[in-house]
Structure formats: C-alpha cells, structure tokens
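Contents: one structure, followed by commentary.
The values are calculated or read from the model by the stated rules, or taken from the named source; none is laboratory data. Everything numeric here is computed off the predicted structure, so don't read it as measured data. Here Cβ is always computed from backbone atoms with ideal geometry, including for glycine, and neighbour counts include all displayed protein chains. For the accessible areas, the whole protein counts, side chains as well, though only heavy atoms, and no ligand, DNA or RNA atoms are used. Shrake-Rupley method; radii C 1.70, N 1.55, O 1.52, S 1.80 Å.
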Amino acid sequence: DSFKQFLKEVSFASEVFLKAYKSSKSLAEAVRKYVNDLFAEYGLLILDGHDKDLKNLFKPVIKEDLFDHGPFQKATETTDKLESLGFKGQIFPREINFFYLDKGVRERIERLSDGGFQVVNTKISFTEEEMELLIEEYSDRFSPNVVLRPVYQEVILPNIAYLGGPAEVI
C-alpha cells in the first residue's frame, strides 16, 4: 500500500510499472509482471524462488546445512584456499546459511548449545524434531543466504553456464 501511494506521487513512472504495481498484492508479483511485459517476446522464463514446490527440491540441502553444517565447512575450506593464494575472501559463511521467513519475519537461524534452533531477533525457537518437521512441511519458510543462493538456483534450474561477479569466484 505504501508503494502504491508512492506511485501516485511519482510523475516519471512508465505505464508498464504503474500497471504492474497497482494490480499486484506484493512487490515480487509486481516485478514478475513488469519483467514479463518488458521481455515476454524474448521467451524469458520467470520463476518465483519462494514457490513451495521449488523449495521442496532443496530440502536435502536445507537439512545438510542446518544439522551438519556441510556447506559452512566447504565454503570455509575454499575461502581458506583462495586466501592462501593471495585472493581476498568474498563471502563469510555461517554455520547456518538460511533465513527463516514467516509473517513478515526474515531473520537468520542459529543453532543453540542445547541442539535446538533460534530465529535471531525474535522469540521463535525450535527443537531439532520441530525443525525437521518444519523443513518437511514448510520448506518455503527457508531462504538461502549468499552462500547457498547459487546452489538453490542450480537445484531448481540447472545451468548450462554461470557468469558470476568477482565475489562469486568460490
């Protein structure tokens, strides 16, 4: 609603953007609409990364990251190798590389000393068993950070080629 109000005050927005934002329930929906309007004739495929079916494909990686911290170990090893060759580290992996998403919350997940999990800056916490159930039933509540985002992209739509920026050398 605040963005729709903003659009009323802007004189330079094109009709494509105005139509997309005025007819959408979320910013993500509006972006999909205007990108489709701008590039439809080129066959551009637009996916919603928060789609539950797509997130279900990523469950094994979510579990590996939350319970065994494998991605943290691999990213740390690779960063150490790059730094030993004189390159500067570009990413800073955490033991858990996911955000928790639900009802306006988007915060990191941390492991507690008792084996449970805490959503940072909230009172939301889970036991191991609750977390396993959450992954199974609500995989769309997990959003990968910079360490796992390329992995997620590769899982849902395998690449023929990947062009990354200087920070994506890992």
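Going by the conditions given, is Ser143 under 30 Å from Tyr21 (Cβ atoms) and small (Gly, Ala, Ser)? Criteria met by Ser143. The combined condition, being without any contact (Cβ under 8 Å) to a residue 12 or more places away in the chain and either open to solvent by 60 Å² or more (accessible area, probe 1.4 Å) or on the phi < 0 side of the Ramachandran plot (or both), is not fulfilled by Asp140. Scanning the range 99-137 for residues that are assigned to a helix (DSSP H, G or I), within 17 Å of Lys55 (Cβ to Cβ) and open to solvent by 20 Å² or more (accessible area, probe 1.4 Å) returns Glu132, Leu133, Glu136, Glu137. Is it the case that Ile96 is part of a loop (DSSP other than H, G, I, E, B) and either of a type in the set (A, V, I, L, M, F, W, C) or surrounded by 13 or more Cβ atoms within 10 Å (Cβ to Cβ) (or both)? Here the answer is yes, as Ile96 does meet what is asked. Scoring Ala161 on the criteria (1) modelled with pLDDT under 90; (2) in contact with a helix residue (DSSP H, G or I) (Cβ under 6 Å, 6 or more places away or on another chain); (3) of a type outside the set (S, T, N, Q); (4) over 22 Å from Phe72 (Cβ atoms) leaves a single failure, condition (2).
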